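One structure is given below, encoded as structure tokens.
The values are calculated or read from the model by the stated rules, or taken from the named source; none is laboratory data. Being a predicted model, the structure only gives us computed values, none of them experimental. Reconstructed Cβ throughout: ideal geometry from the backbone, glycine too, with neighbour counts over all protein chains shown.
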Amino acid sequence: MQERALSDLKVLEYGEFINGPYCAKLMGDMGAEVIKIEEPGSGDEARRHEPFYGNVPHAERSGLFLYLNTSKLGITLNLKTATGAELFKQLVKNADVLIENRPPGLMSELGLGYEVLRKINPRLVMTSITPFGQSGPYKNYKAHDLNLWHIGGMGYITKEERHGNDLGPPVKGGGRQADFTAGLTAAIATMCALYSRQMTGRGQWIDVSEMECISSLPQAPLAFPSLEGRIVGKFAEPLYPGGIMNCKDGEVLIRLVEEGQWCNLFDLMGNPEWTQGDWWMDRQARVDSSDFLNSMVAEWAAQHTVGEILSGAQEKHIPVAGANTAEDIVKDKQFKSREFFVEIEHPETGRIKYPSAGYKLSESPWCGYNPAPLLGQHNNDIYCQRLGYSAEDLVYMRESGVI
């Protein structure tokens, strides 16, 4: 077996739902040992979110949880108990990284803030992910992905499209983009802190704000007000003809701007009579004729399959994309050729396909082939075999609500 990129790294995860677990997953899938801590009884909130495998709600069948927690060992621990806090400190002693996404101040209230933990382990890198960061007037506010998307400014540049030169209200990106972006940002910051530790020998505390993670994405809209005094997104730019077009067996996205692209599209369409003349050669003229152009292109697209249109567009260098469904993605030949989807065996679901990673390392490949842990699956391994507690201790701790 090839050496894993992060095989010497030991990560402790006290996080739930998306951003913290995703941060830890990215490291675990590259070989780091990740010990995931969940609340006894209830476990990670993600266990209660759909979709569920087989459409059967079950704590071990949440697709979200299964994806976010590959490559991890799982234990249960109640940090609100004195014994639980002591066990946590023992785990911190041997950890390189602690990832947590609890509300600001909670770890300190538990007696487990960074200033306490750094005395136990001066080399510890502690990564804290919260909606608004550990300081500032919003620090104690709660937030969902919807709030963070918009307060971070992304909704301002992803407004709903309407006919004419007006844009509709701000809209949110699909899924939970703020949470995943924060998890990815936290993973990058954590690796930078680990690199710094190699030179200094000291760990540090990383304060990740989801609001700031989102605001760091649309760089141009945030830069323009300071550079030009102009607010991007407030005034609509011309909406060029095109959009999602229905085909015989699916949908394609056609959004053309340049004259040459339209020439090639008309050639692919067989240069119908209505394309004759130079009335469409001016960009503004095409904007003014959007309704007509869209209706004619839509009529043509409806007579062809997605494959036919994409193949022709490739040959003629026309920027057209297929609007892939989840089924399309799993079957896509490009994904298959690069073995992007991997099969992982889980006790509750059997072998199902998971996305792997968007990169390939030639000498230390991705290794996320271990399934998400069952709730408390590795309690015996961690508490007894590593920390030296007996089976009787484990029974007592379970009955007293510690694990």
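In the set Gly312, Gly350, only one residue is at pLDDT 95 or above, surrounded by fewer than 18 Cβ atoms within 10 Å (Cβ to Cβ) and either in contact with a helix residue (DSSP H, G or I) (Cβ under 6 Å, 6 or more places away or on another chain) or under 30 Å from Asn271 (Cα atoms) (or both); that residue is Gly312. Of the residues that make up the range 326-340, is at least one surrounded by 18 or more Cβ atoms within 10 Å (Cβ to Cβ) and either under 29 Å from the mean Cα position of the chain (by Cα) or at pLDDT below 95 (or both)? Within the range 326-340, one or more residues are surrounded by 18 or more Cβ atoms within 10 Å (Cβ to Cβ) and either under 29 Å from the mean Cα position of the chain (by Cα) or at pLDDT below 95 (or both). Checked against the criterion of being closer than 30 Å to Ser337 by Cβ, in contact (Cβ under 8 Å) with a residue 40 or more places away in the chain and not hydroxyl-bearing (Ser, Thr, Tyr), the range 371-387 has at least one qualifying residue.
Restricting attention to the range 249-274 and to residues that are charged (D, E, K, R) and assigned to a loop (DSSP other than H, G, I, E, B), the residue that is farthest from Asp291 (Cα to Cα) turns out to be Asp249.
Residue pairs whose Cβ atoms lie under 8 Å apart, sitting 6 or more positions apart in sequence or on different chains, and linking a residue in the range 275-292 that is in the same structural domain as Val257 (by TED's automatic domain parsing) and closer than 10 Å to Pro241 by Cα to a partner that is surrounded by 14 or more Cβ atoms within 10 Å (Cβ to Cβ) and polar (S, T, N, Q), do not occur here. Tyr156 passes every criterion in (1) modelled with pLDDT of 95 or more; (2) of a type in the set (Ser, Thr, Tyr); (3) in a helix (DSSP H, G or I) apart from (1).
For (1) touching a residue at least 60 places away in the same chain (Cβ under 8 Å); (2) closer than 30 Å to Asn379 by Cα, each residue gets a yes or a no:
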| site | (1), (2) |
| --- | --- |
| Lys93 | no, yes |
| Glu100 | yes, yes |
| Ile129 | yes, yes |
| Ala143 | yes, no |
| Trp149 | yes, no |
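Mind listing whichever residues of the range 33-76 are touching a residue at least 60 places away in the same chain (Cβ under 8 Å) and either among the acidic types (Asp, Glu) or part of a loop (DSSP other than H, G, I, E, B) (or both)? Matches in the range 33-76: Glu38, Pro40, Gly43, His58, Ala59, Glu60, Arg61, Asn69, Thr70, Ser71. Total residues in the range 326-339 satisfying the condition of being hydrophobic (A, V, I, L, M, F, W, C) and out of contact with any helix residue (DSSP H, G or I) (no Cβ under 8 Å at 6 or more places or on another chain): the figure is 2. The residues in the range 293-306 that are in a helix (DSSP H, G or I) and surrounded by 14 or more Cβ atoms within 10 Å (Cβ to Cβ) can be counted, and the count is 8. Would you be able to say whether some residue in the range 376-389 is in contact with a Phe, Trp or Tyr (Cβ under 7 Å, 6 or more places away or on another chain), assigned to a loop (DSSP other than H, G, I, E, B), surrounded by 13 or more Cβ atoms within 10 Å (Cβ to Cβ) and in the same structural domain as Phe17 (by TED's automatic domain parsing)? So far as the range 376-389 goes, yes, one or more of its residues are in contact with a Phe, Trp or Tyr (Cβ under 7 Å, 6 or more places away or on another chain), assigned to a loop (DSSP other than H, G, I, E, B), surrounded by 13 or more Cβ atoms within 10 Å (Cβ to Cβ) and in the same structural domain as Phe17 (by TED's automatic domain parsing). Here is the figure for the range 378-403: residues that are among the charged types (D, E, K, R) and in contact with a strand residue (DSSP E or B) (Cβ under 6 Å, 6 or more places away or on another chain) total 0. As for the range 336-353, it holds at least one residue that is among the small types (Gly, Ala, Ser) and farther than 30 Å from Pro373 by Cβ. For the range 330-344, the condition of being closer than 19 Å to Gly250 by Cα, in a loop (DSSP other than H, G, I, E, B) and not assigned by TED's automatic domain parsing to the domain that holds Lys72 holds for at least one residue. Among the residues here, Asn246 does not qualify as of a type in the set (S, T, N, Q), modelled with pLDDT of 90 or more and farther than 30 Å from Tyr354 by Cα. Taking the criterion of being closer than 18 Å to Val92 by Cβ and either at pLDDT below 95 or not hydroxyl-bearing (Ser, Thr, Tyr) (or both), the residues of the range 187-205 that qualify are Ala193, Leu194, Arg197, Gly201, Arg202, Gly203, Gln204, Trp205.
On the stretch given as the range 102-135, residues that are crowded, with 20+ Cβ neighbours inside 10 Å and farther than 22 Å from Glu39 by Cβ total 3.
Close Cβ contacts (under 8 Å, 6 or more residues apart or on different chains) running from residues in the range 181-209 that are in a helix (DSSP H, G or I) to residues that are surrounded by fewer than 21 Cβ atoms within 10 Å (Cβ to Cβ) and modelled with pLDDT under 95 comprise Thr181/Leu217; Thr185/Ser216.
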